[in-house]
Each structure stands twice: as C-alpha cells, then as structure tokens.
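To keep things clear, I will list the structure first and then write my remarks on it.
The values are calculated or read from the model by the stated rules, or taken from the named source; none is laboratory data. Here the structure is a predicted model, which is why all the values come from computation and not from measurement. Note: ideal-geometry Cβ built from the backbone for every residue, glycine included; neighbour counts use all protein chains shown. Accessible surface is based on the protein model in full, side chains and every heavy atom, while ligands, DNA and RNA are left aside. Shrake-Rupley method; radii C 1.70, N 1.55, O 1.52, S 1.80 Å.
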Amino acid sequence: MSTGNGADSAPGHTSTTSTARTTRAAGTDNSMFSSLKIRNYRLFATGQAVSNTGTWMQRIAQDWLVLSLTGSASAVGITIALQFLPMMVFGLYGGVLADRLPKRPLLIATQSLMGLTGIALAVLTLAGHVQVWHVYLAAFLLGLVTVVDNPARQTFVSEMVGPEQLANAVSLNSANFQSARLVGPAIAGVLITAVGSGWAFLLNGLSFAAPVAGLLLMRTRELRPIEPQPRAKGQLREGLRYVAGRPELIWPIVLVGFIGTFGFNFPIWLSAFVSDVFHGDAGTYGLFNTLIAAGSLAGALLAARRGNSRLRLLVAAALLFSVLEIVTAFAPGFWLFAALLVPIGMFGLTVNVTANASVQMATDPEMRGRVMALFMMVFTGGTPIGAPIVGWVTDTYGARIGMAAGGLVSLAAAVAIAVILSRVGNLRLSVTRKGVTFVPTPRPRELVAAA
C-alpha cells in the first residue's frame, strides 16, 4: 500500500523500509497488536473472528461431506475449483467494483449473501436431501460473492487504520483467520462425528451476523474513505498496465500465483493422507488442519511484530515452504508428518502476508482495489486449474506423489522469481556464517529498497 497520496506514495519513490523509518520517527505505536487500538478495526476484527471460525467449520465439513458422498479426492478438488473459478474469471471486475463503490455498504451486502449460502446448504443437509451437485453449486455461488468481497475487504482495512498501521493490520487479519483455523476444524470435527455436517453449515451461515453487526456499529466519521473512482472505460486495462509496469508488484503476484495454484491444495492432500495413508477419520482431518493453522498463526504474529515486508523475506519463505512440502510428502510416520505441518503453515502464511503487505504498500490508493483483486485472482483464482490437476495426480499416483508434485512446482517458481528479482533489484547472493541471503550490489536500483 502507498504511504500517502500522489507521487510521494508511488512505487519507486517510497519504500517499505523508509515507511517504517518514518513511522518510527513519528512515534507511531509499532507493537504487535497496535492496530487493535482503533475502535473501528476492533469491531471489524471481532466480527471477522466469528465468521472466520464458521468459514473454517464449513470448509472442513464441506470437504468431508464431498469425500463421504463420492469417495474421491478429485471430487474434493472439483469443489475447491468451483469455489475459486469465479475469482479466476471475474476477479478483475470485482476489483473495478471495489474501486468504484463505497466499501462499508458493499461489505454489508457481500457478508450477508455469504451467510445465506451457508444456511441454504445447511437446510439441504439437515433435511437429508443433499447431493454432491448441491455442494458444487453452493461453492460456486460463494465464489461469485467472494469476487467482490475479497478486494473490498482487503482495501477497507486501509480506510479503518490508515497507512501507518496497514502492515500491522494486514498481519493481524491473517492471525485472525489462522486463529479461527485452529478453532473451526476442531469444532467441525466434533460436530461431524456427533451430529453430521449440516450443523457446521448452519453455524457458519449464522456467524456472518457478527461482521455485519460490526460494520453497522462503526463510526463513519473515524474512517478514512478513499474517494470512489468514477465509472470510466478502460479501468480494468488501466489496472493491468499499472501492475505490469512495476516489478515490485508483478513478480510477487506471479510467485504467489504459482504457490497458490499448486502448493496450497491441502484439502486434497490431507483428505487423501487421512483416508488412504493413515486410515483416519474426520477427527484426524481436523487435527491436520489445526496443526497447519498453528504454524500459520505463528507466522502471522511474527509478521505483525516485524511491521514491514521485504521481497527477500518473501522469496526465502517461498523456498522453505516448497522444500518442506516435498519433505513432508515422504514422511514415513504419522506423527512426523503431523509435526512437519506446523512449519509448513508458518512459512506458507509468511509468503501470503509478506506478498499481500508489500503489494498494498507499493500501490496508490486509487488503484488498490484493482491491484488487490489481481493479487487475489492470481493467488486463489488459479485453484480451478491447479486443484483438478493435483486431485488427478493424487488419485492416480497416491497422496505422497501428489503433495510432492505441488511442492516441486512451487520450488521451481520460487527459484525462478528469486533469480529474476535479484537481477531486477541488482542483488547478489551472499553466503556467510549467518546464512545465505541476497544483498545489494554497489549500484542501487529500483527494487533494492523493496528487496
């Protein structure tokens, strides 16, 4: 995100490092939970904590229901693909709408619609009439709403906290989501085992009342609204040109695109490991998701404490995430496999948060909706391509090969982007007793500060 308006905040003029220095010089609170001191953000975070818990309950229940109905990891992959297909097809249009419309009323509408999809699926399941195509349809409709909700929610954070607290708030949003990921799967596992998936869907639908209430209770005078962009031709193309002309935006987006498409297919892999390798049940599936969430929460809190984002950190986290995914795929025992899920979650979340914050801080306010829509479209919109492929590989060659293949693709992308960023940013590889890192060469160029 930009640190101001106009040229002073444009990429190439303002770096993440200089932003952090300015913030410290101004005496801004840089503690781990500093953005929670802002009332509107507290309301937002509280509502999201409730709905995120419900969302994770539904994710676990949905995956397990599809697996129970079909017995196929590919079917789970199809469900995930349908949920993210709208983002791939319409994601950029969602960003245009997010730039054109006031964020708060838009979010009230999208959050309400997301709650209704959960309630509809609950009714079908509890009535005993649910079929796999119902789950497919619910996932697709949820994806349609998410097309607009995601960029609006991402960019609304800056209106609540301002540029000084943006990096902290982005990290805490991820910590919020991952905290819910710790609780949601555990609750879902109990509910599925005790009373069935329908109650998890119902609680998820009702949970969206919390963020809607939080949005309604906000003090609008304390918001820092970005002026909605007037309707005009070529706004979508303008957003694409904006990103294409900035290496500090395009390459992080490309990297998270590869990792999101091929490296984040955990519902497919974990369900396959539970059913085919370790012969577990819904409780085991919930445990695996909880362990990934524990690592992700640790990664988010560490990011909140850092308060700034560097491209070197992004590349290093991507490399470690990919290697760990390959190693975990061939873990010989249950508990070793389970233990390795924790650092996978930590480094995977570090990739996501670092890329998100660095992209937002390098983007001008009037372009933020379109840029973040592209970010989310690439990160999650590639799932309709990756999930069926990964599901087929997993069904055909087994869970271990499927997971290792996703890690290999992610590793290749991380290595390629590392080389590109080092050349564009005029960096060189440095090997010291402290480790391996990229350092600037004597000739500074555009990306040195960002890297």
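For the reader, a short list of remarks on this structure follows.
- Verdict on residue 238 being under 30 Å from residue 419 (Cα atoms), out of contact with any Asp or Glu (no Cβ under 6 Å at 6 or more places or on another chain) and either of a type in the set (D, E, K, R) or buried (at least 19 other Cβ atoms within 10 Å of the Cβ) (or both): yes
- Scanning the stretch 57-74 for residues that are closer than 16 Å to residue 289 by Cβ and surrounded by fewer than 17 Cβ atoms within 10 Å (Cβ to Cβ) returns no hits.
- Filtered residues of the stretch 379-414 (kept if of a type outside the set (D, E, K, R) and open to solvent by 40 Å² or more (accessible area, probe 1.4 Å)): 385, 388, 389, 392, 396, 397, 401, 408, 409, 411, 412
- Within the stretch 253-293, considering residues that are aromatic (Phe, Trp, Tyr) and open to solvent by 40 Å² or more (accessible area, probe 1.4 Å), the one farthest from the chain's Cα centre (by Cα): 278
- Selection within the stretch 351-367 - surrounded by 23 or more Cβ atoms within 10 Å (Cβ to Cβ) and part of a helix (DSSP H, G or I): 351, 352, 353, 354, 355, 356, 357, 358, 359, 360, 361
- Boolean, residue 296 is in a helix (DSSP H, G or I), over 25 Å from residue 169 (Cβ atoms) and open to solvent by less than 30 Å² (accessible area, probe 1.4 Å): no
- Wholly within the stretch 135-236, helices (runs of 4 or more DSSP H) carrying at least 3 residues that are under 15 Å from residue 61 (Cα atoms) and at pLDDT below 85: 166-194
- Test set (1) farther than 30 Å from residue 171 by Cβ; (2) surrounded by fewer than 24 Cβ atoms within 10 Å (Cβ to Cβ); (3) aliphatic (A, V, I, L, M) - residue 85 fails condition number: (1)
- Residue, modelled with the lowest pLDDT, within the stretch 51-88, restricted to residues that are under 15 Å from residue 395 (Cα atoms) and touching a Gly at 6+ places or on another chain (Cβ under 6 Å): 73
- The requirement of being open to solvent by less than 10 Å² (accessible area, probe 1.4 Å) and in a helix (DSSP H, G or I) is fulfilled nowhere in the stretch 125-132; no residue meets it.
- Residue 91 vs. criteria in contact (Cβ under 8 Å) with a residue 24 or more places away in the chain, part of a helix (DSSP H, G or I) and over 30 Å from residue 234 (Cβ atoms): no
- Applying a threshold of 7 Å to beta carbon distances and a minimum spacing of six or more residues, or different chains, the list of pairs starting in the stretch 374-397 at a residue that is touching a residue at least 60 places away in the same chain (Cβ under 8 Å) and closer than 26 Å to residue 277 by Cβ and ending at one that is open to solvent by less than 20 Å² (accessible area, probe 1.4 Å) and not in a helix (DSSP H, G or I) reads 386/265; 387/265; 390/265.
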